[in-house]
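The structure appears below as structure tokens.
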Amino acid sequence: QVQLVESGGGLVQPGGSLRLSCAASGSIFSINVMGWYRQPPGKQREYVAIITSGGSTNYPDSVKGRFTISTNNTKNAVYLQMNSLKPEDTAVYYCYAFKDGHHYWGQGTQVTVSS
């Protein structure tokens, strides 16, 4: 089992920045992939950024160049640096981990981009 707890959400103005953090605990050894997803109001959950155990990253075009995913040295935390935020980035952001065929999710943190 892997437990994920997000933090760092909040209200930010368009053009601003925000950094999300996710602390992983439990059986974190050999997690294959960690990442971030989001669910905008009234829409389906969508992927935002992923990072593999080897350090490879991937982003959809909607956030590429604005968002950066990273982990710490011990691989028990994952971060999402979000810059140049837009109102359409408003969503609940979920931390994600994939290990041994199992998907794990955090409880989510709200990010609201509004003036």
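What are the residue pairs meeting all of these: first residue in segment 1-13, first residue more than 23 Å from N32 (Cβ to Cβ), second residue of a type outside the set (A, V, I, L, M, F, W, C) and open to solvent by 80 Å² or more (accessible area, probe 1.4 Å), Cβ atoms under 6 Å, and 6 or more apart or on different chains?
G8/R19; G9/Q110; Q13/S115
Considering segment 27-44 alone, what residues qualify as being of a type outside the set (S, T, N, Q) and closer than 22 Å to D100 by Cβ?
Here is the first cut: in segment 27-44, the residues of a type outside the set (S, T, N, Q) are 28-29, 31, 33-38, 40-43.
Of everything in segment 27-44, those that are of a type outside the set (S, T, N, Q) and closer than 22 Å to D100 by Cβ turn out to be I28, F29, I31, V33, M34, G35, W36, Y37.
All but one of (1) under 22 Å from H103 (Cα atoms); (2) of a type outside the set (D, E); (3) modelled with pLDDT of 95 or more hold for A24, so report the exception by its number.
(3)
The values are calculated or read from the model by the stated rules, or taken from the named source; none is laboratory data. Here the structure is a predicted model, which is why all the values come from computation and not from measurement. Ideal geometry is used to build each Cβ from the backbone, glycine not excepted, and the neighbour counts take in all protein chains shown. Keep in mind that these areas ignore ligands, DNA and RNA; they rest on the heavy atoms of the full protein, side chains included. Shrake-Rupley method; radii C 1.70, N 1.55, O 1.52, S 1.80 Å.
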